[in-house]
Every structure is written in structure tokens, then in C-alpha cells.
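Enquirer: Please read through the structure below; I'll follow up with questions.
The values are calculated or read from the model by the stated rules, or taken from the named source; none is laboratory data. Note that the coordinates shown come from a computational prediction; the quantities given were computed from them, not determined experimentally. Cβ sites come from the backbone with ideal geometry, for glycine too, and all protein chains shown count toward neighbours. The accessibility values were calculated without ligands, DNA or RNA, using every heavy atom of the protein model including side chains. Shrake-Rupley method; radii C 1.70, N 1.55, O 1.52, S 1.80 Å.
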Amino acid sequence: MKKAINQSLLNLILNGFSILALLFMVYSLFTYSRVSGRLNEANEERFSLTYNANRFMNGSAYLTNEVRAFAATGDQVHYDNYWNEVNNLKNRDQGVAAMQEIGITEAEQAMINEMASISDELIPLEEAAMKHVMEGDREAAVTYVYGSEYKTAIEQINGLKEQFLADLDARTRDRVDQLIVESEVLKFMMFAAAVLVVLMLMLNMLLVRAGILRPVIKVRDQMMEISKGNLSRDFELRSDTSEIGMLVDSIHETKRELKQYIHDIDQKLAQMAQGNMDLTIGSDYMGEFLPIQNAMRQILDALNRELLQISRTAELVSGESQRMAGNAELLSNGTVEQASAVEQLSSSIQEISTQVSRTSHDANQAQQSSTGAMGALMICNEKMEALTAAIADISKSSQEIGGIIKTIEDISFQTNILALNAAVEAARAGEAGKGFAIVADEVQNLANKSSESAQSITELIENSMKQVQYGTSLSGDTTKALMAVVEGGKQSTEMIERIAESATQQAQSLEQLTQGMQQISDVVQTNAATSQELASLARELENNSEGLRESVQRFRLRR
């Protein structure tokens, strides 16, 4: 087998280089982040140093300007501003302290000390000038602060300021420039690492495509052909020591084994088709093909057993067919006699079936009549129930009318009382109430008449209610009697239905019996004809069994 590098090893090498490049890029990114932080710190320190240096210098200039302004103008505000800066604001001291905290060089500290020393020498001159201004001698004060000594000291301080700022700016700028260069180098390194990672990934992708994907596609196509049963198609890939090569070798080996199994099975089945059953099935199949070999062995053993049994059976059939011919002749004579007896029995059953059919028809007519009468009784029962309900409603309405009459009597009683009250009031009124008294009398008469009418109506309604109650009692008795009649009609109808069903079932049974006898007669007639044919068939069976025995002897069986 040809030796080749494993795809997994090659892939591992490329991925290893890619991972190293990624780690280097991550390290560069981390370093770049640190350098960027340092660069930001350096810019912040540069700004802070410059700011505090200007604060220190501006504080000195502020004192000079305020003392000169006070000497020139005598304005107390400038005097207060001067001492406020010296005693409270202290911008010079705070600026120096801030620069020292951030970090300055020895040379820069020396220049600060020198500027402070010169400033301290100017303090007596400034104090003397302010004292003369307070005494009213501003000319002397101006001489102090604008004199050559003071001016020379100021020029020295300004020179030191410019040199200090230049040195400070150069130092901080150099540090910032150095960090910028480092960050640019790290950027380039990260870009180079990213390019290397991309190249490694592209190379890995190309190798995977050429060394894995293309062979896998060809292996897939070959396996699809194998799944379709095509084992003769050429497979251009060759085996080697790589993973794909070993897969290809397993496919070649699979095709060889399948071809060998198929050839062996085809050879065995061809010999069996030619009648050679004296074969031996080995046990050299492997895996899932072993059950096929076992099945072939079982089929061959079973065919040998069954064919031998068929040969022996053919000889027995030949002897039994001779005895069957004699028995068939006896059977033919017996069936002729049975046919005559069955014909007479069928005629008798036909007469009985006619009589039972007539009885079933009469029972059905009686059932229909009983059903009609039962329906009429049910309708009468429903009407009687409706009549009872109507009488009950009438009784209920009479009771309601009684209540209304009671209301009328109450109204008549109240009206009579009102008429009496009106008559009393009319008598009190004298002549003016005569007309009202007449009306009161008429109302009282009307109330009396209403009361009498209400009593008459009450008596009539009571009589009607008694008659209604009597009618309700009679309808209830009638309903009970009718219910008893309906119940009896139901029982009679059910009995007639059972009689009709029984008669119908008897008719059907006799009809089935008649049909059965007719079938038996037909069968007996058929048996008579069949028994005559049976003898000839027995002789033909003897001849065919001999042919069967000769056909079985064509197979070469195991001994």
C-alpha cells in the first residue's frame, strides 16, 4: 500500500500554525492595549505638567502685575489681590507640588528652585513699594517695581520660564513619540498575524477540499453505485496509508467480497435449478452474509427432504387411487337412492310452508288492525288529558274571578262609607250642600246595587266552581278508565306482534328448510353424477401419480 501523510495530521499542523498565529495576534492586541494606555497616560501627564507649569509661571506674573498696578494706581483692589494670591490661592506652590507629584527631572527641579529663589529676592522690593504707596509716595513705589534691579530679575525669571517650558515639552513629546512608534509597530504585527491566519485558513481550506472533499464525493458516488447493486463500475481512487486511502481500500475490499458472495450464490442456485440437490453449503461467509448462507443450507436440506417425501407419496397415491375407483361406484348407487327419498321429503315440506305462509299473512293483518286501534286509544287518551287540563284552567280562572269579586265588594263598601261621609258633610253645609247630598244618595244607591250584583255573581261563580270540580272529578275517573283500556290495548298489541313475529319466523324457517332440501336434492343429484366421474378420475390419478414419481426421480438427491 502506498504511503501518504494522514489528512488529520496535515490538518492538525495547519490548525496548529493558525492557532499560534491567533495567539500571537491576541498577545499583540493585549500589548497594543497596554501601550495605548501608556500613551494616553503620557498625553495626560504632558498636559498636566504643561498646565501646572503655566499655573506656576502665571502665578508669578500675576504677583508682578498686581504690585505694579498698585504702585501705579494706588488702588486697594490690586493690593488685596496680591496678598490673596500669596496667602490663599498660592498658585505657584500648588503648581510646583502638582508637577512634583506627576514627576519632573532634577534639571527641571533646579530651574524651578532658581526661579523661586529669584522671586524670593523680589519680595522685599515689592513690600517696600507697597509700603511707599500706603504712605502716599507712589513715585518711590514705581521706582522699586520698575527699576533696573526688579526688571533684571523679571527678565531672568522669564528666561528660565521659557527654557523650563521648552525642556518640559521636549521631554514629554519624546516619550509620547516613542509610545506612538511602539503602537504602530504593534499594529503592523497584528496585521501581519491576521494575514498569516487568513493564509493558513485558506491553505487549510484548499487542502481539505483537495484532500478530503473531492475524495469523499467520489466515495459517495461509488457507494451510491454499490447501493444500486452496480459492483462493476471503476473506482479511480487508489488506497494508501491516509484516512481517505484506508477508506478507499475498505471500499475495494467490500466490492471484492460482495462479488465473491454473489458468484458463489449464483453458482449454487444454478446447480439447484438443474436438479442437482446433492450439494454442500460451506460456512465461509462473514458478518451479515452468514444468515444468507445458513438460509441456503436450510433451503437445500428442506428441498431434499420434501422431494424424497413427494417421491414416496407418489407411490402410495398410485395404490390408493385403485381402491378409490371401487368405492366411487358404490357411492354412485347410494346417491341415486338418496335423490328419490329427498324429492318426496321436499314435496311435503313445500305444502307445510304454504300453510304457514298463510298463517303468517293473517297474523300480520291482525297486528295492523291492533296497531290502528291502539293508535286511536292513544289519541283519545291525549284528548282526555287535554280536557282535564282545560277544566283545571277553568277552575283556576274561577278562583281568580272570586278574588276580583272580593275586590268589587271592598270597593262597594268603601264607596258606601264615602257616600255616608258626603251626606254628613252635606247636612252640615245646609242649603249649600243640598245638591251634594243628592249626589251622595245616588252614590250610596249605586254602591248598594254593586254590592248586590257582586253577591249574585259570587253565588253564580260558586255554583260554577262546584260544577267544574264535579267535571274535574268525572274527567279524572274517565282518564283512569281510559288509561286502563290503553294499557290492555298495549298488552293485546304486544301479544299479537309476538304471534305475528313467531309466524313470520316459522314461515322463514320453513322457507329456509325448503331451500335447504332443494339444495340437498341438487347436491345428491350432483353427487350421483360426480361419483360416476370419480372412478375415471381415480384411474387418471393413478396415471398422474406415476408421472409424478418419474418427475421426482429427475432430481439427484442426497443418499
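Enquirer: Assuming R0 = 25 Å, what is the FRET efficiency of ALA529 and THR313, from their Cβ-Cβ distance, to the nearest 0.05?
Expert: Numbers: r = 29 Å, r/R0 = 1.17.
The value I calculate is 0.30.
Enquirer: Based on Cα positions only, what radius of gyration and what Dmax would you give for the stretch 1-94, in angstroms?
Expert: 32.7, 112
Enquirer: Also: Express in nm, to one decimal, how much length is gained between ASP93 and GLN519 on full extension, taking 0.36 nm for each residue of separation and deducting their alpha carbon distance. Can you show the working numbers first?
Expert: Numbers: separation 426, 0.36 × 426 = 153.36 nm, distance 14.16 nm.
Length gained, ASP93 through GLN519: 139.2 nm.
Enquirer: Quantify, in whole percent, the carbon and sulfur part of the accessible surface of the stretch 1-158 (1.4 Å probe; protein heavy atoms only).
Expert: Working: 5170 of 9390 Å².
Heavy-atom surface of the stretch 1-158 belonging to carbon and sulfur, 1.4 Å probe: 55 percent.
Enquirer: Another question, if that's okay. Just how much of TYR285 is accessible, in Å², when a 1.4 Å probe is used and the result is rounded to the nearest 10?
Expert: Its heavy atoms expose roughly 10 Å² to the probe.
Enquirer: If each residue of separation counts as 0.36 nm, what is the full-extension length gain between LYS187 and PHE413 once their alpha-carbon separation is subtracted? Let's see the in-between values first.
Expert: Details: separation 226, 0.36 × 226 = 81.36 nm, distance 12.31 nm.
Roughly 69.0 nm would be gained on extension.
Enquirer: Note down the nm distance, to one decimal, between modelled labels 7 Å out along Cα→Cβ at GLU459 and at ASN294.
Expert: The modelled label-to-label distance comes out at 11.9 nm.
Enquirer: Can you give the accessible area of PHE289, probe radius 1.4 Å, in Å² rounded to 10?
Expert: About 60 Å², ignoring ligands and nucleic acids.
Enquirer: Then there is this: Please pull out the direction-averaged projected area of the stretch 63-171, using the convex hull of its alpha-carbon atoms, in nm² to one decimal place. Before the final figure, lay out the partial values.
Expert: Numbers: hull surface 27.7 nm².
Mean projected area of the Cα convex hull: 6.9 nm².
Enquirer: How would MET115, MET205, MET378, MET223 line up by accessible area, probe 1.4 Å, largest first? Mind dumping the intermediate values first?
Expert: Details: MET115 0, MET205 120, MET378 65, MET223 90 Å².
Accessible-area ranking of MET115, MET205, MET378, MET223, largest first: MET205, MET223, MET378, MET115.
Enquirer: Using a 1.4 angstrom probe and counting only protein chains, how large is the accessible area of MET57 in Å², to 10?
Expert: 10
Enquirer: Top to bottom by accessible area (1.4 Å), largest first, where do ARG171, ARG214 land?
Expert: Working: ARG171 80, ARG214 135 Å².
Descending order: ARG214, ARG171.
Enquirer: Once the piece of chain linking ARG34 and ALA484 is laid out straight, how much longer is it, given 0.36 nm per residue of separation minus the C-alpha distance between them?
Expert: Working: separation 450, 0.36 × 450 = 162.00 nm, distance 11.57 nm.
Contour length minus Cα-Cα distance gives 150.4 nm.
Enquirer: Another question, then. I'd like to check one number: the per residue accessible area of the stretch 97-146, probe 1.4 Å, reported in Å² as a whole number. Mind dumping the intermediate values first?
Expert: Values: 2860 Å² over 50 residues.
For the stretch 97-146, the per-residue accessible area is 57 Å².
Enquirer: I've got another one for you. Taking N as the number of residues in the stretch 142-230, what value does Rg over Cα atoms divided by 2.2 N^0.38 Å take?
Expert: In units of the globular-protein estimate, the stretch 142-230 measures up at 3.08.
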